[in-house]
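The values are calculated or read from the model by the stated rules, or taken from the named source; none is laboratory data. Worth saying up front: this structure is predicted, and the values here are computed from it rather than measured. With ideal geometry, Cβ positions are generated from the backbone for all residues, glycine too; neighbour counts draw on all protein chains shown.
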Amino acid sequence: MKWYKRTLTITTGGRGFYDITQKIDGIIQEWDLEEGIAFIFLQHTSASLVINENYAASSQRDMENFLKNIAPEGQSWYTHTMEGADDSPSHLKTMLTHTDLTIPVDNGQMSLGTWQGIFLAEHRQRGHKRQILLRVLSE
């Protein structure tokens with residue numbers, strides 16, 4: 001067994017879904033391993049990781065609109081607004097999604113389904129630099 005490790009920095013341009021599938025798969029292929037398990041961890045509380053359809057852009061818009069509607073800005077009951085109107089809703093969206101993913105690696109690449117992709121979901125209005133830890137345990 002061997003551990004492979006890399007930290008990715010993803011710069012976002014603000015709220016939205018950023019497809020990072022090829023970036024992660026490229027690193028795994030660079031490591032030239034056959035089988036293993038990929039652990040992907042986002043070190044933030046106002047962004048998340050999502051596996052969903054990456055074929056149609058309309059799917060990404062629907063995902064963003066869903067989160068916007070389920071945790072809208074400007075609610076009178078929000079108390080955590082230190083960093084602006086998107087502060088509390090960003091954290092609530094992260095509660096509903098994930099900050100970590102576990103994906104099998106077979107034949108040197110992630111074993112995602114045909115239409116599956118990995119997205120960094122930026123929940124804040126302004127852009128940020130997000131740190132993602134990629135760890136692969138390989139046989």
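Yes or no, residue by residue, for (1) more than 30 Å from GLU30 (Cβ to Cβ); (2) without any contact (Cβ under 8 Å) to a residue 60 or more places away in the chain; (3) among the hydrophobic types (A, V, I, L, M, F, W, C):
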position	(1), (2), (3)
ASP62	yes, yes, no
PHE66	yes, yes, yes
GLU73	yes, yes, no
ASP106	no, no, no
GLN125	yes, no, no
* So which strands (runs of 3 or more DSSP E) stay within the range 1-96 end to end and still have 1 or more residues that are loosely packed, with under 12 Cβ neighbours inside 10 Å? -> 2-11
* Structure fact -> The residue that is surrounded by the fewest Cβ atoms within 10 Å (Cβ to Cβ), considering only those in the range 106-139 that are under 12 Å from the mean Cα position of the chain (by Cα) and hydrophobic (A, V, I, L, M, F, W, C), is LEU133
* TYR18 versus (1) at pLDDT 95 or above; (2) under 15 Å from ARG135 (Cβ atoms): which is the lone unmet condition? -> (2)
